[in-house]
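My structure is below; once you've seen it, I'll send some questions.
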Amino acid sequence: MSALAAGLAGDLGGALEAIVGPLNVRRPPPALARRFAAEGAAPGGEPAHLVQPGSPSEVAEILLLAGRTGAAVIPVGNGTRAAPAQRNPGALIGRPRVFVDSRRMCHVLHLDETSLVVHVQAGLTALALERIVAPRGLSLGDFPPQVLGSTIGGLLSVRTPGKSSPRHGFIEEAVLGVSAVLADGRTVHTRVAPRRASGPDLARALCGSEGTLGFLTAAVLRLYRRPEARFLAAHALPSFEDALAAVRLALREEAAPAALRVYDAAEARAHLGDEVCPPGRDEQAILVVATAGPTDLAACDRDLVASAAAAMGGTQLDEKLAEVWWRRRTGQERGSTLPVPMIQVTASPKRQPAVYRAVRVACAGLGVGLRAHASRFEADGAVLFFTLMDGAGQALAGEPLEAARAMTEAAASAAGAVLLGSENHDLDPYARDLRRGLDPKGILNPGL
Amino acid sequence: MGERRLSQRESDLASYGRDMWPRLLIGIRAGELPPDRPHVVVWPESEREVAAIVRVARDLRVPIVPYGGGSGVCGGAVPILGGITVDLKRMNELSSVDRDEMVCDVQAGMNGERFERALNRRGYTLGHFPSSIYCSTVGGWLACRAAGQMSTKYGKIEDRVAGLTVVTGRGDVVHTDGPIRAERGPNWTQLLLGSEGTLGIITSARLRVAPTPELRVLRGFELESVAHGVEAIRRVMQRGLRPAVVRLYDELDTFINHSSILGGKKSARSHGGPADHMFAPVPLPAQGALPHIPPREHAAPAPDGLVGRALGLFGGGDTARRLASRLRREAVSAALSRPRLVNSLATPLAERVSRHGCRLIVGLEGSRIRTGVEASLVFDELERAGATDQGEEPGREWFERRYAVSYKMSPTFRAGLFVDTMEVASTWERLMDLYRAVKHAIAQHAVVMAHFSHAYPEGCSIYFTFVARSEPVRDAQRAYDAIWRDGLAAASRAGGTISHHHGIGMLKGQAMAAEHREAMTLLRGLKATLDPDGILNPGKLGLPASIEPAPPDEVTAP
């Protein structure tokens, strides 16, 4: 029986097997099925299948089948990051769900070592890509290793501000072109060029669309040569605000570090050891920095940061402190098992001190302990990470956490922070219309 | 709007019927009026007024064409269906410069030169220096994804944008990405940049600024050939270095623009070797990177070249100059009627005469310490790649005359010729193939030269300049169309993009299908979403003109 005939006859699983082969269709893990369950669905929910296509043409067949059978297609990658909140879970009611896992499409299609450009399928994880290109002295860039566990498709589909570095910018800026399958089964390849003026950057319609406008199957990405030299340094500053000002000063002097992080005293003690901020220096902040590039330029960047720190009243600390941070950041060493910060907000340079102060004041008012650090600096701002603690220094959880989170997020927002995953209300109606135009049957990720 | 900010005067309608698209200029030079014109021109002063105009036009199904400085070279502002031309030049304020955030808020109609000077007075620069800066607007830059001469450091205009305010084809005022990128969904800023007024009218922007440079370093180098020069630039860019300016001229361009034989200035080498000091003087903050246009009496005379010098033997004065001008015009016109022959002779001649191969201009600017360190690394890398240092003089020369090229267009047309430029780009792997393919395609119809500028770690842009006879006008227009048809087809076949920074307009609309193939579905989807009635700049960007021409009485009724 053909895939379509099986699908129309009600045997969606059989139809999917006809497309991708029986070994590549199975029941989705319960956690995944629950996460994308229809609101108010009966126990057991609608039929759900997890399929692993091996090529864009198989993805196209799956989408065509979904269009004819009314199934909802939900792209999944490596499952490393929390799925975006479902804005419209009602759209899944009564519909079978097909989770399309891209991880079989995991090949490097072309490595252009002259242009330092790689054409890679969307199911390869960024970490695996790093391992492939590393022997050739190449790398995706200075992006935080925590985000590299995602598939390339996952990395590009969800736009969050953490995927950046001061030296290499935001990861979607490394995209020279993408390939995607649209809901009607057509495959599109955006033009690959270093820069263009032939209309809008159409790749940006697909990047960040969370799989609602098309299923990403491949991307052409910029690579960088591994740096000739890397320098690490750590500085103690009188306060968190002074440390943020030092970062701003250094970036203004055009320093382009590979990574920067600012810890407040409590966070520095938790991450780097109690001795880093002796008792009585609870207002102190620690700035750690890595610079990379041609030796003279990396040394220049290190010195620019040191000058900026000194100008803000800072003192240089033992380089070993920065090495501890760097080894943990790059996964060479496991740190203590600290909980993931509960609150993550972004703020532009001017707002960062006010946001930090507002969250501290809010926590003090609630009688809740707080640790914080700022990281992922780029042209437009940085991400501030907050961990809330009880009186015993343990991370808050459950109801107390939810209550404190609501208050602290409100305080951060009032001070000018933007919560991750905010929506542009001006353009939401346009996003919905664009989606309706490209996917009139609502196949692609309809719950979002 | 009131009567004073609305016009149906014949002279206004004729003026707003064109931009600086050379195909139209060929006809205008021959005494023809632009074939298209708006029914009315309006000058709004606020985004509220722009939104009201869009809503009226939508009700009446009348086209709207946004208009900035009119300096576009692709016919992007030509009102092919008539309608309302919305000139944004009265929306021309630099509302704020935020020193902490390093951003400024500027209205779209602000003239480029005034904007840069206003930033300079506050100690900042946008770092965007298109050769049209004296006659283009911020909105025009954004609408066509412009590039400036220092884009290798500062990026193209799309790299400097932190957010836009846009009036859509539904008449809504929308704001894209704020100063931080925390929003879900597609990057609307990048979807509206380059839309050339077909998806929305950009009314203001939040742009990233940089401190005015404390140090500027300029140098000239010579390389054996274009291929050697391209390789040298690639090595610099992929080492993680970011000069502000990189301009590599091919053999013919080097010969014509830099050879002392044709009246170009002498290189530093002829003064006795590279300059002793490495760094140019620090520019005054108020001066920034923009020279003032000299008053007419102080303007430097253009180099006279061989013909002029020969005539000088018969004495100076107006008669000799007029005779020189006429002789030159006739000689050039005769030569350009055989472009293939000229191309086949000129390049080998240029290679032989210039001996040193190709000229490369490199410039760095920025904070004093880092720029100094980076300059040393760039120059070392270039010398390792086989470049010969020519000292500071060639760089200074370029810097002083860098806007002059935009003002050579009129004399060229007066001389019975037309000139135009084609800017394509590709990754390094395909760049020399792209260069050869496009050059060969254009050389069948015109004399062509090129320079490589706007470099990136992964590739570079190539800027072809071509000249041919503009008389008789129909033959010239046929030749013009053939150049673009063949040149763009060659660019697409070689894997390059058809436009790096001039945009599409009417000129390249037919090449959009080859450029984007199935991805045009996305562009059409955006058009249907943001401008459902197709009233915004119809017929541009390769999109169909989906509304009927509006009868004039309907337009003027409100």
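Run the paramagnetic zone check for B:Asp98: 7 angstrom along Cα to Cβ, then residues of the stretch B:193-217 with backbone nitrogen under 12 Å.
Zone members listed by number: B:206-209.
Additional query: For B:Thr203, what is the net charge nearby, where nearby means another residue's Cβ is under 13 Å from its Cβ and Lys, Arg count +1, Asp, Glu -1?
Details: positive: B:Arg48, B:Lys89, B:Arg90, B:Arg206; negative: B:Glu45, B:Glu47, B:Glu49, B:Asp87, B:Glu93, B:Asp105, B:Asp172.
Cβ neighbours under 13 Å give a net charge of -3.
B:Phe255 accessible area, nearest 10 Å², 1.4 Å probe?
30
At 1.4 Å probe size, what's the solvent-accessible area of B:Ile64? Round to the nearest 10 Å².
0
FRET efficiency for A:Thr330 and B:His440, Cβ-Cβ distance as r, R0 = 56 Å, nearest 0.05? Working shown, then result.
Details: r = 49 Å, r/R0 = 0.88.
The value I calculate is 0.70.
With the crude spin-label approximation of a point 7 Å out along Cα→Cβ, what separation in nm comes out for A:Val108 versus B:Arg4?
A separation of 6.7 nm, rounded to one decimal place.
Taking beta carbons within 10 Å but only from partner chains, what does the mean come to for residues A:185-193?
On the way: counts 0, 3, 3, 7, 4, 6, 10, 8, 16.
Mean partner shielding for this stretch: 6.
Something else: Just subtract the alpha-carbon distance of A:Arg281 and A:Gln394 from 0.36 nm times their residue separation and send over the number in nm, one decimal.
Numbers: separation 113, 0.36 × 113 = 40.68 nm, distance 2.11 nm.
Computed gain between A:Arg281 and A:Gln394 is 38.6 nm.
Project the alpha carbons of chain A onto their principal axes and report the range along each, largest first, in whole Å.
The Cα atoms of chain A stretch 74, 55, 40 Å along their principal axes.
In the stretch B:77-103, whose amide N lies under 20 Å from the spot 7 Å out along Cα-to-Cβ of B:Arg121? List them in ranges.
Hits in the stretch B:77-103 for B:Arg121 at 20 Å: B:89-100, B:102-103.
From the cross-link list B:Lys408/B:Lys527; A:Lys163/B:Lys439; A:Lys320/B:Lys156; B:Lys408/B:Lys540; B:Lys408/B:Lys439, which pairs have alpha carbons spaced over 31 Å apart? Present the calculation step by step, with values, prior to reporting the outcome.
Values: B:Lys408/B:Lys527 37 Å; A:Lys163/B:Lys439 41 Å; A:Lys320/B:Lys156 40 Å; B:Lys408/B:Lys540 28 Å; B:Lys408/B:Lys439 22 Å.
Flagged as over cut-off: B:Lys408/B:Lys527; A:Lys163/B:Lys439; A:Lys320/B:Lys156.
Binned at 5 Å from 0, what are the whole-percent values of the Cα-Cα distance distribution for the stretch A:108-225, short to long?
2, 12, 23, 26, 21, 11, 4, 1, 0
Please state, as a whole number in µm²/s, the translational diffusion coefficient that the Stokes-Einstein equation yields for the stretch A:227-338 at 25 °C and 0.890 mPa s, with Rh defined as the Kirkwood radius across alpha carbon pairs.
Details: Rh = 13.9 Å.
Result for D is 177 µm²/s.
Choose one of B:Leu382, B:Pro472, A:Gly369: the residue whose Cα lies farthest towards the positive end of the charge dipole of the protein assembly as shown (beta-carbon charges +1 Lys, Arg; -1 Asp, Glu; about the Cα centre).
B:Pro472
Hull surface divided by four, with the convex hull built on the Cα atoms of the protein assembly as shown: how many nm²?
On the way: hull surface 172.5 nm².
With the hull built on Cα positions only, its mean projection is 43.1 nm².
Assigning unit charges at the beta carbon (Lys, Arg +1; Asp, Glu -1) and nothing else, what dipole magnitude in debye, to the nearest 20, does the protein assembly as shown show about its Cα centre?
Working: 117 positive and 108 negative charges, 321 e Å.
Taking the Cα centre of the protein assembly as shown as origin, the dipole is about 1540 debye.
What is the average number of partner chain Cβ atoms found within 10 Å of a Cβ in A:212-221?
Across the residues of A:212-221, the mean count of other-chain Cβ atoms within 10 Å is 1.
For chain A, what relative contact order do you get, as a whole percent, if you take Cα pairs closer than 8 Å and at least 6 residues apart?
Numbers: 894 pairs, mean separation 71.2, N = 448.
The normalised contact order for chain A reaches 16 percent.
Can you give the helix-only mean residue ellipticity at 222 nm for chain A, where every DSSP H stretch with n ≥ 4 adds -39500 (n - 2.57) and the sum goes over all residues, rounded to the nearest 500 deg cm²/dmol?
Here the helix-only value at 222 nm equals -9500 deg cm²/dmol.
While we're looking at this one, here's another question. Taking the solvent-accessible surface of protein heavy atoms with a 1.4 Å probe, what is the per residue accessible area of the stretch B:407-498 in Å²? Present the calculation step by step, with values, prior to reporting the outcome.
Details: 2940 Å² over 92 residues.
Ligands and nucleic acids excluded, the result is 32 Å² per residue.
Assuming 0.36 nm per residue, please report the length gained on full extension of the stretch B:Asp475 to B:Asp433 beyond their Cα-Cα distance.
Computed gain between B:Asp475 and B:Asp433 is 12.1 nm.
Report the accessible surface area buried between chains A and B, summing both sides, using a 1.4 Å probe on protein heavy atoms only, in Å² rounded to the nearest 100.
Values: alone 20650 and 25060 Å², together 38500 Å².
For chain A against chain B, roughly 7200 Å² becomes buried.
Output the peptides A:236-245, A:414-423 sorted from most to least packed, where packing is the average of other Cβ atoms within 10 Å over each peptide's residues.
Going from most to least packed, we get A:236-245, A:414-423.
Where the Cα atoms of the stretch B:1-143 are projected onto their three principal axes, how long is each span, largest first, in whole Å?
49, 37, 22
Follow-up. At a Förster distance of 41 Å, what's the computed FRET efficiency of A:Asp11 paired with B:Ala514, Cβ-Cβ distance as r, to 0.05? Mind showing how you got there, number by number?
Numbers: r = 42 Å, r/R0 = 1.04.
Efficiency, rounded to the nearest 0.05: 0.45.
Continuing with the same structure: Solvent-accessible area of B:Lys408, probe 1.4 Å, all protein chains present, reported in Å² to the nearest ten, please.
Result for B:Lys408: roughly 100 Å² accessible.
Accessible area per residue of chain A at 1.4 Å probe, in Å²? The partial results should precede the final answer.
Working: 16950 Å² over 448 residues.
That works out to 38 Å² per residue.
Average partner chain C-beta neighbours within 10 Å, per residue of A:373-380? Could the numbers behind the result be given before it?
Details: counts 0, 0, 0, 0, 0, 2, 9, 13.
Counting other chains' Cβ atoms within 10 Å and averaging over A:373-380 gives 3.
Hey, with R₀ at 41 Å, roughly what FRET efficiency would B:Arg61 and B:Asp380 work out to, going by the Cβ-Cβ distance, to 0.05?
Details: r = 62 Å, r/R0 = 1.52.
Using R0 = 41 Å, I get an efficiency of 0.05.
How much of the accessible area of the protein assembly as shown, in percent, comes from carbon and sulfur atoms when a 1.4 Å probe is used? Numbers along the way, then the final one.
Details: 20360 of 38500 Å².
That share works out to 53 percent.
Also, quick follow-up: Pop a pseudo-label 7 angstrom from the Cα along the beta-carbon direction at both A:Arg186 and B:Lys408 and give the gap in nm to one decimal.
Placing both labels 7 Å along Cα→Cβ, they lie 4.3 nm apart.
Average the reciprocal distances over every distinct pair of alpha-carbons in the stretch B:474-535, invert the result, and give the Kirkwood radius in Å.
Details: mean 1/r = 0.0760 Å⁻¹.
Hydrodynamic radius (Kirkwood, Cα only) of the stretch B:474-535 equals 13.2 Å.
The values are calculated or read from the model by the stated rules, or taken from the named source; none is laboratory data. Note that this is a predicted model, so its numbers are computed, not measured. When we count neighbours, we look across all protein chains shown, and the Cβ atoms used for this are built from the backbone with ideal geometry, even at glycine. Heavy atoms of the whole protein, side chains included, go into the accessibility calculation; ligands, DNA and RNA do not. Shrake-Rupley method; radii C 1.70, N 1.55, O 1.52, S 1.80 Å.
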